[in-house]
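The values are calculated or read from the model by the stated rules, or taken from the named source; none is laboratory data. Keep in mind that what you see is a predicted model, and the values were worked out from it rather than measured. Neighbour counts run over all protein chains shown; Cβ positions are idealised from the backbone, glycine included.
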Amino acid sequence: MTDQPANQPPESADDNYDRLLEQWKRLAYLKDIEEVLSWDAFTAVPDGGASARSKQQGALSTVIHRQRADSALGDLLEAVDSATLTDQQRANVREIRREYEREAAVPPALSQQLSETITEATDAWQQAKADNEFDYFEDYLDRIIELKREEAAAIDPDADPYGVLFAEYAPYTDVETVERIFDRLQRELVPLVEDIRQSDTELTTDAFAGTFDIDAQAAACRDILDEFGYDWDRGHVDIVPNGITLGNQFDCRIGLQMNEDDFHLMPSVAVHEFGHALYKQQLPQEHYGTPLGSIQGYFVHESQSTLWECHVGRSEEFWEYIRPTVVEHLPAIEGSARDLYESFVHVRPDEPNLLRADELTWQLHILVRCKIERALVAGDIQAADVPEVWRDTYEEYLGFRPESDAEGPLLTIHWANGWVGYFPTYTLGHVLATQLAAAAREDIDGFDEKLRRGEFGPLREWLRAEIHQHGQRYTTPELIRRVTGEELTADYYLEYVTEKFTDLYDL
């Protein structure tokens, strides 16, 4: 086969398919422009320009939605002759159809109402969080949940509304399977955390105590990204309020969150966001703008960031390798590699803030959110009930009652932004990351020794070959089976955390 230009996949024997793909690519390019506007809003827009930028983004979002839901796109989908297509081309059609049908099912008036409500809710959420007053946000949360129920009913009136919303972020993964996995995690993680709480083992927890210059942390981050293999010719790093990765295989930017009084944020965010960026940078360039050149849903996307964060960045081997780099930029850190490792991974069962939580209890923080979100969509609770239900569930899962709503249900922007159904992807990402890491260890000789020596290339290449190069060619269950030989299972995750923290705390 002859080589194709960077953004030109092979043509089909079906002209309708080629027209469909060209139209879809134009929409993908507009969505990438939308991400550039978002990046600029995070990094450069002056305070006085925020209102105008919000209107610009809203206008562009409306244009994209209308074109993605246009009946002309549906007509092209119906006209395509699948019998003339290759397997890869059929995958493009499958994914375009899936997204088109979701978009087209939602009435424009509902979409507009939801967009306007989210804009208002975001302002209310910011004020509620700043003042630690959940009351300010209650009515907006009720409105968003009601509108999301209407959206789910428009997409599939016969399905579980929460499952329909969840499918936006984890296509082809049924919510019943997720709930079985989550129930098992809750049953097994809660007693493990309690055993750790009762442990007499003393770990080093203060190796990162102190104040650390942001510029020095940023320099250390850039060196870590260098070591991992981040492609600076197709990337950029900046400091932003919350860690984020935006972009595509030609331009993928990392936003790093840092705090001079909390060094834990730097390495965890840097390694996590690198995993997101690597996925995008290793997508096939020749399929840019098509499903074959796009990530396979946020569930798989979260597994890629988590694999690097937890199975590389939270390993003792990594800290043995990276300690000299950290100390070079932050000489006040004097502990051994083991001290740094223990300070980074030790369990903090009484931490109320998800963003400061350790690797183990972080899952329970997410499960609290999933349970409450599920109850809101089902109508079992209302927004006014959330703070009390939040405290009750934290007491059940983590053994304490958090006081602050600003560090609890108001901590993250998900509900204000209408991202109802996203939270499960975080825990699913951890579960899948561990299953993938087990498969990588089978295929890569001396996996842990390579981490100790800073040889990250074999893992990068394994992920490219097994996952990244396929884009959306396979559905999520198909991809998992191809890479691991099994269905999605919590077995590997539970074995991993049980072994890791049993050893660490001499349980």
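So here's what we get for this one:
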quantity	calculated
Restricting segment 299-332 to residues that are surrounded by 21 or more Cβ atoms within 10 Å (Cβ to Cβ) and more than 21 Å from Arg222 (Cβ to Cβ), the residue that is farthest from the chain's Cα centre (by Cα)	His311
Sole exception among (1) closer than 24 Å to Gly163 by Cα; (2) out of contact with any Ser or Thr (no Cβ under 9 Å at 6 or more places or on another chain); (3) part of a loop (DSSP other than H, G, I, E, B) for Asn417, by number	(2)
Residue count for segment 195-227, restricted to those that are farther than 30 Å from Tyr505 by Cα and part of a helix (DSSP H, G or I)	10
Search result, residues across segment 1-28 that are at pLDDT 80 or above and either β-branched (Val, Ile, Thr) or closer than 24 Å to Leu114 by Cβ (or both)	Trp24, Leu27, Ala28
Hey, Ala59 touching a residue at least 60 places away in the same chain (Cβ under 8 Å), in a helix (DSSP H, G or I) and among the small types (Gly, Ala, Ser) or not	no
Where Gly210 falls short, out of the listed (1) of a type in the set (Gly, Ala, Ser); (2) surrounded by fewer than 19 Cβ atoms within 10 Å (Cβ to Cβ); (3) touching a strand residue (DSSP E or B) at 6+ places or on another chain (Cβ under 8 Å); (4) at positive phi	(3)
Top-ranked residue in segment 279-298 [being at pLDDT below 95 and not hydroxyl-bearing (Ser, Thr, Tyr); ranked as farthest from the chain's Cα centre (by Cα)]	Gln296
Total residues in segment 461-507, condition surrounded by fewer than 18 Cβ atoms within 10 Å (Cβ to Cβ) and not in a helix (DSSP H, G or I)	6
Filter result for Arg97 (farther than 21 Å from Tyr422 by Cβ and either touching a helix residue (DSSP H, G or I) at 6+ places or on another chain (Cβ under 9 Å) or in the same structural domain as Asp15 (by TED's automatic domain parsing) (or both))	yes
Scope segment 202-224; condition over 15 Å from Asp262 (Cα atoms), over 28 Å from the mean Cα position of the chain (by Cα) and aliphatic (A, V, I, L, M); matching residues	Leu203
Residue check for Gly446: surrounded by fewer than 24 Cβ atoms within 10 Å (Cβ to Cβ), free of Cβ contacts under 8 Å to residues at least 12 places away in the same chain and in the same structural domain as Glu359 (by TED's automatic domain parsing)	yes
Elements of type helices (runs of 4 or more DSSP H) in segment 78-179, at least 2 residues being aliphatic (A, V, I, L, M), closer than 19 Å to Arg374 by Cα and at pLDDT 95 or above	135-155, 161-167
Index of the failed condition, Glu351 passing every other in (1) surrounded by fewer than 20 Cβ atoms within 10 Å (Cβ to Cβ); (2) touching a residue at least 40 places away in the same chain (Cβ under 8 Å); (3) not in a helix (DSSP H, G or I)	(2)
Residue within segment 80-94 that is within 26 Å of Arg143 (Cα to Cα) and in contact with a helix residue (DSSP H, G or I) (Cβ under 8 Å, 6 or more places away or on another chain) present	no
